[in-house]
Each structure stands twice: as C-alpha cells, then as structure tokens.
Amino acid sequence: MSSGKPSLVDGEIKDNQNVSDLGKNKIMSAGDSEEVQLNRNGDDTTQTIKLYKRRWFIVLLFSSYSLCNSFQWIQYGIINNIFMKFYGVESFTIDWMSMIYMLTYIPFIFPVTWLLDKKGLRVIALVATAMNCAGTWIKVTSVRPDLFAVTMLGQFCCSLAQVFILGMPSKIASVWFGSEEVSTACSIGVFGNQLGIAIGFLLPPILVPNVEDMDLLAYHISIMFYITAGVATLLFILVVIVFQERPELPPTQAQATARCIPPEQYSYTASILRLLRNKPFLLLILTYGLNVGCFYAVGTLLNRTIIEHYPGEELNAGRIGLTIVIAGMVGSLICGIWLDRTKTYKQTTLAVYLMSFVGMLVYAFTLSLGHLWVVFLTAGALGFFMTGYLPLGFEFGVELTYPECEGTSSGLLNCSAQVFGIIFTICQGKIIDNYGTLAGNIFLSVFLFIGSVLTGFIKSDLQRQKANQLATAATDGQQQDYGATALIKRPDSPSDSSQA
C-alpha cells in the first residue's frame, strides 16, 4: 500500500512507501538533477534539495545579455574625440553618454528591486532584454550629425535596461546554485558585464576609425550600431524562449527556508529599513561605492587620459581598457573560487581593496613615462584587483544581509557605486582639465585608501553561512526535524520558536 510520499527515481519524484528511509541521506541522481537531499519538517511533509545542470545555461544566458548591455556603456567614451567630431558636441557631453548609465540607475533601482521581489527573475530578464533591444535599434536611426538627441535617447533606453541587470548576479546565484558554488556563479554573472566592457574598449576603435570624411564615418558608426542591435535582438528572443524563473526545487537549505516564508509576511519597505539599520552593510555600501565609482571614472575618462600622453593612440587606449577588464575578469573568477573554498569574505575583500589602492598609485605615477608597454602592465595590475572586487562586494553583501532579498542588497551597493561614479567622473575630469592626469589619478587614490581603512571596520557577520551550517547540523543530528525546515518557526514547537 502506498504511503502517498515521494521518492526519487532517475532524478524525478515518484510515489513510494520507502521514502521515509531516504530522509536523512544524500542521493546522487541522473538526468538534470545532480544532487538531492530530503529534509522532513514537523508536519510530516518533505523538502527536496536539488542542483540542476540547466543552472549553468541560465547564468551564461544572463551573462550574455549583461555583456551586450555593458558594451554600450563605454562604446561612446572610448572614442570620445571621434563622436565629438561627428555630432559637433563637447567632450563633457560625450562623457554623459557613459554617465547616463550611472544617473539612470539611482532613481529606478528601488522600483526595479520591488518588481523583482513581486514578479521574479523571468519578468526582470524580459524587461531588461526588451529595453536593451529597443535602445540599440533607436541608435541605428541616429547616425546623422544632427541627431545627437536620438542617439542619447537610445543610450537612455540601454541605461534603463542596465537597472534590471546589475544587481542580478547574486540573486541568480542564490536561486539556482548550491552553497559551495554561489560565489563562483556570482563571479560568472559579473564576468559577462566585465567582458562586455572589455569588448566595448576593444571594438569601437576598430569599427570606427578616425577618418575625416563624415559620410564614411557615418557608415562605420552605423555598422557598429547594426551589429549591436542584431546581437541584442537574438538575446531577447532567447530569453523569451528559454529563461526560467527558478528551479522546481531549491538548491540549498537556505533557499528552502526562504521559500517557506509566506509572501504576505514579506514587506519590501521593511526589508529596506532593516538593511539601512545593518551597520556592517552600511559600511560596505560606502566602501563598495568608493571602489567601483573609481573604476567607472577610470573607464569613462580612459580615452582622454591616454590621448593626453600618447596622441593618436585611440586604438591603444581601447586595448589598455581591454587589458584592465580582462585582468579584472581573471581576478573575479579567482576571487569567486577562493571564496567558495575558504569563506574568508572580509579578509579577501580587504586584501583586494588594499591592492586596488596600490595599483592605482602605481598606474598614476607610470602613466606619463612615455612607454605604452608600462601602461599596459600597470593598467592590467590595477584591473585585476579593482575589477576583481566587484563580485566580492556582491557576495559579502549577501552574507551580511541574509535572509533579505539578494536583489535588494545588490541594488543598494550598485546605487552607491553610481552616485560615486558620477561624482568621481565629473571631479576627475575637471581636475585633469586644470591640473593634469597625475592629479586626477591621485584624487582617486585618496578615496581608495579611505575605502581600504573603512573596510577594516566591517564586522564579518556571515548570516547565510550560519543558516546553512545550522541547517546541516539539524539534518545530521535530529530525528524529527531535518535540514532547513527545522529552522522554520512553528507554534507547536517551543524550541523552534526560541530559535526564530
């Protein structure tokens, strides 16, 4: 006679009376599921933990459309002088083609994180790719010297799409990946954004050479815009067809607990207020903004700083930007793997922050030596640590704020980065105009030093790690309550109530 409880056969759930004998064991299964664990709670229901192979496709698809969007952040700035000539505008106006990405993020991040909480990952992905696709096609129509306002509108649409993208890596990692791989998955999500910036540094100087014939220049610009629009359209179609909201079953015990929280018990406003009362997280918001804001300023003004010392080297300016980001991508992946293995969030974050400060100083004092190979070397070292810091900040933030929504914590971190990015870009640009590149880079170095000191004061209270450890201990040591469900508050269980 069937007991009415599920069991696992080749990764699928079927009826079987022997399921209770499986309750305490991990099972390696075939098919899409890689690892399964059953956990029983007090009302005699079961909670299944799974890892799905398709999680890698989801994070790679996200990385791809993040790449397409971030490419457009820097595609104007890295050939600043060429777009100045084509549209007949000032250098500072072209700087705003990058800074609009930062400015748009600030007012829209809170509505977007609310939408993420209410509608989930798939809706956010659809809106992001739709806006990005629309922006690219608007730019296609703007390739005339008198249509700068149209190209700005297209860039605004792409910047709005970015709001739906930047905070998602940690959310996707938590929803789809196991506790031993969330940092690596987050790094892969950030990796796409960094790769897009790298391609944005590399391709525009190649696709749009500095020619005097305005018709030929318009042709080259239109080729770049058409390529971007084609890629954005393909990615939008892929997201519509295959992007999935979440796996059928949670990947970790922490996620299992989070899914058991009734929606009516969650308040977005209360979540924001709790985050703003979390002192370690507030310090992280400040330090993350200082570091990433410096990176935004360096990237936006790279063409100007390189051309000042090496006239006519637009192509090498793009290659130096590529070097910064590629080195940062390597740093991101190494840091993600290191965090998954060691869980030393504060120590790793502090070490990388300090090395970003040192790298900025070395870059500042070697930029004017007259040797491009030295600039490539020092810029690569700077990028390894400064860009490598991005996923560290995301994952440290999730650890400090669990069980709050990952999209909300990441959104606040990115909001800080956009604010400082605008401030640093404008200030460094003015300093470069009046005092030179050395003074501008020292200006950024001062704030990286301040950020390093403040990082040392962040209390390393890793809430997500504690939740996973408690759930694992409950699974191994209790007969009645297993795994994450043992942490859920129930009226008939005084001990559980005291834990909550």
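The table for this structure:
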{"quantity": "Some residue of segment 390-402 being within 19 Å of the chain's Cα centre (by Cα), surrounded by fewer than 23 Cβ atoms within 10 Å (Cβ to Cβ) and within 27 Å of I165 (Cα to Cα)", "calculated": "yes"}
{"quantity": "Residue list for segment 360-371, filter: open to solvent by 10 Å² or more (accessible area, probe 1.4 Å) and at pLDDT 90 or above", "calculated": "L361, V362, F365, T366"}
{"quantity": "Leading residue by the ranking (least open to solvent (accessible area, probe 1.4 Å)) among those in segment 110-146 that are polar (S, T, N, Q) and not in a helix (DSSP H, G or I)", "calculated": "S142"}
{"quantity": "Conditions (1) out of contact with any helix residue (DSSP H, G or I) (no Cβ under 6 Å at 6 or more places or on another chain); (2) farther than 20 Å from G456 by Cβ: number failed by V358", "calculated": "(2)"}
{"quantity": "Hits in segment 88-99 (condition: assigned to a helix (DSSP H, G or I), open to solvent by 20 Å² or more (accessible area, probe 1.4 Å) and β-branched (V, I, T))", "calculated": "T93"}
{"quantity": "Residues located in segment 63-84, provided they are surrounded by fewer than 20 Cβ atoms within 10 Å (Cβ to Cβ) and either touching a residue at least 24 places away in the same chain (Cβ under 8 Å) or under 17 Å from I138 (Cα atoms) (or both)", "calculated": "S64, N81"}
{"quantity": "Flag if M84 is more than 30 Å from S179 (Cα to Cα) and within 16 Å of the chain's Cα centre (by Cα)", "calculated": "no"}
{"quantity": "Matching residues, segment 427-457, being β-branched (V, I, T) and either in contact (Cβ under 8 Å) with a residue 60 or more places away in the chain or in contact with a Ser or Thr (Cβ under 7 Å, 6 or more places away or on another chain) (or both)", "calculated": "I432, T437, I442, I450, T455"}
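Yes/no matrix, rows are residues, columns are (1) within 16 Å of F447 (Cβ to Cβ); (2) more than 22 Å from the chain's Cα centre (by Cα); (3) in contact (Cβ under 8 Å) with a residue 40 or more places away in the chain:
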{"residue": "N278", "(1), (2), (3)": "no, no, yes"}
{"residue": "F295", "(1), (2), (3)": "yes, no, yes"}
{"residue": "I306", "(1), (2), (3)": "no, yes, yes"}
{"residue": "R341", "(1), (2), (3)": "no, no, no"}
{"residue": "S368", "(1), (2), (3)": "no, yes, yes"}
{"residue": "L372", "(1), (2), (3)": "no, yes, yes"}
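The values are calculated or read from the model by the stated rules, or taken from the named source; none is laboratory data. Small disclaimer: the values here were computed from a predicted structure and weren't measured. Glycine also receives a Cβ, built like all others from the backbone with ideal geometry; neighbour counts cover every protein chain displayed. Ligands, DNA and RNA are excluded from the accessible area calculation, which covers all protein heavy atoms including side chains. Shrake-Rupley method; radii C 1.70, N 1.55, O 1.52, S 1.80 Å.
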